[in-house]
């Protein structure tokens, strides 16, 4: 986290993604539904969030994995998203890469 407890644009972007998945899972749990988040829904959210934060990205994908390569202000980052059966979100991992 940055000085004075203020989050940078990139940190807010990553936090928004994490909050989105957490909220979806909490909501589904509350209504006793399985934790099914569709690939299209999650990717649309990530891409919309990146655009609203002004973050440039490239996207590579296969049936069970999508990788977003992000161009941030001082470095690059990678978001790897895994899907079950090529359709259902299972998890994501955010990695900050060295400049």
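The values are calculated or read from the model by the stated rules, or taken from the named source; none is laboratory data. Because the structure is predicted, anything quoted here is derived from the model rather than measured. Glycine also receives a Cβ, built like all others from the backbone with ideal geometry; neighbour counts cover every protein chain displayed.
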- Just give me the residues in the range 19-46 being within 10 Å of the chain's Cα centre (by Cα) and touching a residue at least 40 places away in the same chain (Cβ under 8 Å), in sequence order. 21, 42
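Identify all residues within the range 28-44 that are at pLDDT 90 or above and assigned to a helix (DSSP H, G or I); write none if there are none.
Of the residues in the range 28-44, the ones at pLDDT 90 or above are 38-44.
Of everything in the range 28-44, those that are at pLDDT 90 or above and assigned to a helix (DSSP H, G or I) turn out to be 39, 40, 41, 42, 43, 44.
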- For residue 83, which of the numbered conditions (1) modelled with pLDDT of 95 or more; (2) within 22 Å of residue 11 (Cβ to Cβ); (3) surrounded by 14 or more Cβ atoms within 10 Å (Cβ to Cβ) fails to hold? (2)
